[in-house]
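The values are calculated or read from the model by the stated rules, or taken from the named source; none is laboratory data. It should be emphasised that the depicted structure is a prediction, and the values quoted were computed from it without experimental measurement. Don't worry about glycine lacking a Cβ; one is built from the backbone with ideal geometry, like all the others, and counts go over all protein chains shown. Note: accessible area is taken over every heavy atom of the protein model, side chains too, but ligands, DNA and RNA are not part of it. Shrake-Rupley method; radii C 1.70, N 1.55, O 1.52, S 1.80 Å.
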Amino acid sequence: MSMINTGIYFKWPDYLVFSLSLVLSAAIGFYYACTGGKQKTTKEYLLADRNMHWLPVAISLAVSFTSSGILIGLPAEIYTFGTIYMFTLVGRPIAAVLSAKLFIPVFKQIGSISLYQYIYKRFGRVLSIILLVEGFVLTMLFGALIIYGPALAMSGVTGLNLWVAVCSVGLIAMLYTVLGGLKAVLWTDTLQFLIMIVGCIVLLIFGTVKAGGPSEVWRVNKLSGRLDILEPTKFLSIDPRSRHTLWTQVCNAILICISAYGASPIAIQRILALKPGPINIFLCFTTVLLITFSFEIICAAIGLVAFTYYKTCDPVASGVIFSKDQIQPLFTMEIFQNLPGLSGLLMSSVFSASLSTISSAMNAGAAIILQEVIKPLKPNMSDQRATVICKMLSTLTGIVSILFVIFLRLFGNGLLSVTLALVGIATGPSVAVFTVGIIFPFVDGRCAVIGNVMATAFTTWLSFGGLINKPYVYSYPVTTAGCNITDENLLANISSPVYDPSTWNPQSHYREGVSAMYDISYAWLTTEGFLLSIIISLTSSLILKNRNLVPKDLLASCVANSSCTPQLFKKYIDYGKDEDDGDSTKL
């Protein structure tokens, strides 16, 4: 590639395609607001009448967590740090099986979208309030990040005004979510999935051709060291300070995916919306895996193709863009500069990913506030009034997300890092609480609170300490040798970057003492929080003896109904008591 063209911006066909995708999303909301039951009951508005086909449910569940961060962030990750990250694909099927077999059956019996109802019944009010506040704040922060991150990345390379992008995503998501309820969210997610997958495939095909073909992509990335997924000496490392290894990626993926697909209000809401039948859950999770696998492989390939395209002129090192997260938008604009409308399609795919994530968060968030805050205060509220309030809450959560975007903008990129750190802090201890709840009947609310609070404190210290005392991270070589050359013959004589194994020496950058803790890979943070919470909860249970029996319906079937269950577990299980008969396990 020759000198990078920095004067490429959206043309009117791009704006047309981009606007059309947003209008279609809004139209689905209007359609479901005016058809069927017209979203007048909470059952229809929040659970789509519990009669949805497994395909749109599976697509929605997949794209709700295949955010714009994946579409923009994953190509940048592969471009900069190599392909070991892709071992996350090994952990996803494990997480899907654990979610479908252990977590979903227990939470589905509760019959509530709010997982905090399970926490209340199993551990009591104190822990449910802690997780409720923590979950709501983190969901809003993450939603704001999902809106702001792509808007910031693309505004610098497309000429699209930042606040136009932010408000477009936020307002359109609010419109179809408030008007059409979960049905609109599910079918809009399906539309957005088609836009996302088509956009990514088109970019991959055109980009590969422009980069010189598949063989050239393989050759250049092999020389530069980015195909490190083929190097066992790197990905089999047991050093916890190695940024990515097989072990970090599998463990992290299992916990993150359980959090997303087995222990999140968004997942439970979609499972409850399915038509009855165990085959539907199986088909749903199988489709989720196929979709997420496809997206991650395609996005990783785009990262390799983008590096091949920029092999003689890295846009970050040359100062054309200020962040690696802008590589994919810049690559898109350059590839399609002579094909009006296709840049708009690709940008639509990124914003579709944002829409699917934020709308799901808004709908589920409104349901949780209704269940946990409004209904306890107004227990005799009519269903019609509850539906109206839920629509108001959906609007409120959307406004809060946009307000959080304003704060992100005011505080700059530092707060973006803080937001990502916050999300990482909570996931491990949160999954640990649900795991302890369904597997260890001898752990009561007191022990679970102690474990969660102490583990969260530890991960908070480690995460923020790492932000302040940043660890050394090795990135693969790039060059700017061809940035000012336009002659194709001269460019052909410039060698692409070659990886020198002697430069791979991260050990020389590791620190000692307390600071050595900050060198531990960020990918271990979730696992550390998970294990520490479980260990502390179990240890506390040896001191603070549980005096209550746990209704068997609050435990995984492999614990409550198995002949292999240890006697220590059985003496804490109430086999004759249904979970609705009381809350004996509360603090």
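A few remarks follow.
- Annotation note: of Ala173, Ala144, Ala184, the sole residue that is more than 30 Å from Cys313 (Cα to Cα), buried (at least 21 other Cβ atoms within 10 Å of the Cβ), within 16 Å of the chain's Cα centre (by Cα) and of a type outside the set (Phe, Trp, Tyr) is Ala144.
- Selection within the range 496-511 - modelled with pLDDT of 80 or more, out of contact with any helix residue (DSSP H, G or I) (no Cβ under 7 Å at 6 or more places or on another chain) and part of a loop (DSSP other than H, G, I, E, B): Asp500
- Single unsatisfied condition, Thr233 versus (1) more than 24 Å from Gly365 (Cβ to Cβ); (2) in contact with a helix residue (DSSP H, G or I) (Cβ under 8 Å, 6 or more places away or on another chain): (2)
- Ile72 vs. criteria touching a residue at least 40 places away in the same chain (Cβ under 8 Å), surrounded by 21 or more Cβ atoms within 10 Å (Cβ to Cβ) and outside any helix (DSSP H, G or I): no
- Whichever residue in the range 489-517 is within 17 Å of Val220 (Cβ to Cβ) and either without any contact (Cβ under 8 Å) to a residue 40 or more places away in the chain or surrounded by fewer than 11 Cβ atoms within 10 Å (Cβ to Cβ) (or both) and, among such residues, is nearest to the chain's Cα centre (by Cα): Asp500
- In the range 542-558, the residues that are open to solvent by 10 Å² or more (accessible area, probe 1.4 Å), in a helix (DSSP H, G or I) and in contact (Cβ under 8 Å) with a residue 60 or more places away in the chain: Asp553, Ser557, Cys558
- The combined condition, being open to solvent by 30 Å² or more (accessible area, probe 1.4 Å), β-branched (Val, Ile, Thr) and more than 20 Å from Gly428 (Cα to Cα), is not fulfilled by Ile520.
- Taking the range 196-217 as the range and being free of Cβ contacts under 8 Å to residues at least 60 places away in the same chain and open to solvent by 70 Å² or more (accessible area, probe 1.4 Å) as the test, the residues that pass are Ile205, Val209, Pro214, Ser215.
For (1) within 15 Å of the chain's Cα centre (by Cα); (2) open to solvent by 10 Å² or more (accessible area, probe 1.4 Å), each residue gets a yes or a no:
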position	(1), (2)
Phe30	no, yes
Phe65	yes, yes
Ser68	yes, no
Phe81	no, yes
Ala95	yes, no
Gln109	no, yes
Ser112	no, yes
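- Criterion violated by Gln269 - all others in (1) polar (S, T, N, Q); (2) open to solvent by less than 10 Å² (accessible area, probe 1.4 Å); (3) modelled with pLDDT of 90 or more satisfied: (3)
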